[in-house]
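Written out below as C-alpha cells is the structure these notes cover.
The values are calculated or read from the model by the stated rules, or taken from the named source; none is laboratory data. As the structure is a prediction and not an experimental result, all values here were calculated from the model. Every residue, glycine among them, receives a Cβ derived from its backbone with ideal geometry; neighbour counts consider all protein chains shown. Ligands, DNA and RNA are stripped out before the accessible areas are found, and what is left, the full protein with its side chains, is counted by its heavy atoms. Shrake-Rupley method; radii C 1.70, N 1.55, O 1.52, S 1.80 Å.
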Amino acid sequence: MKLASLRIITKDIKQSVQFYEKAMELAAQWYTEDFAELSTNTITIAIGSTRTMKMFGGDHLTESKGQSNIIIEFLVADVDREYERIKNLTDHIIQEPTTMPWGNRSLLFRDPDGNLINFFTPVSTEAIQKFK
C-alpha cells in the first residue's frame, strides 16, 4: 500500500489553492472549478470544494467538530529560512522554529481552513539518518 495523496475539503477553494501554491512554491493543476492538485515527487495535496463531497454521499461528510487532529507535514531543507517566507503568508503561526526532542526543527502554522501544517528539518544525527 502507498499513501498517494491527502485531500483537503474547503468552502473557499480559490483561497486554499492560492495558499498552498505559495506555501509549497508550486502551481496547482486545476481539473474542475471544484478540484485542484499540487504534486511533489512523494505526495499529492488535493484540494476540493465542499460541493465535491456530495459525490461521496452527502453534505454530512463536510461537517466538522471545529478541531483538527491531523498535521500535514513537509520535510524542508531549512526550516528557519522557510519561516521567513511563511510568516508573511499567514497570521496563524502556532510555533516558530523550535528544535523538538525527537531531533527535528519544526515550524507549525495553520492554513486558511485551520488545518495544521508542520515544516520540519531534521537536525539531530538520528533524525538526519531517518530522512536520508
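Scanning the range 66-92 for residues that are hydroxyl-bearing (S, T, Y) and out of contact with any Phe, Trp or Tyr (no Cβ under 6 Å at 6 or more places or on another chain), which turns out modelled with the lowest pLDDT?
Filtering the range 66-92 for residues hydroxyl-bearing (S, T, Y) gives 68, 83, 90.
Restricting the remaining residues to those that are out of contact with any Phe, Trp or Tyr (no Cβ under 6 Å at 6 or more places or on another chain) gives 68, 83.
Details: S68: 64, Y83: 98.
Across the range 66-92, the extreme among qualifying residues is S68.
Looking at this structure, is Q95 modelled with pLDDT of 90 or more and either in a strand (DSSP E or B) or open to solvent by 90 Å² or more (accessible area, probe 1.4 Å) (or both)?
Yes; evaluated as a whole, the condition is true for this residue.
Which of the residues spanning the range 28-53 are in a strand (DSSP E or B) and surrounded by 16 or more Cβ atoms within 10 Å (Cβ to Cβ)?
F35, A36, E37, L38, I45, A46, I47, G48, S49
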Spot the failing condition for R105; the list is (1) open to solvent by 50 Å² or more (accessible area, probe 1.4 Å); (2) over 16 Å from A23 (Cβ atoms); (3) at pLDDT below 95, and only one is missed. (3)
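Being over 14 Å from R7 (Cβ atoms), open to solvent by 80 Å² or more (accessible area, probe 1.4 Å) and modelled with pLDDT of 95 or more is true for just one of E63, E126, E25. Which residue is that?
E25
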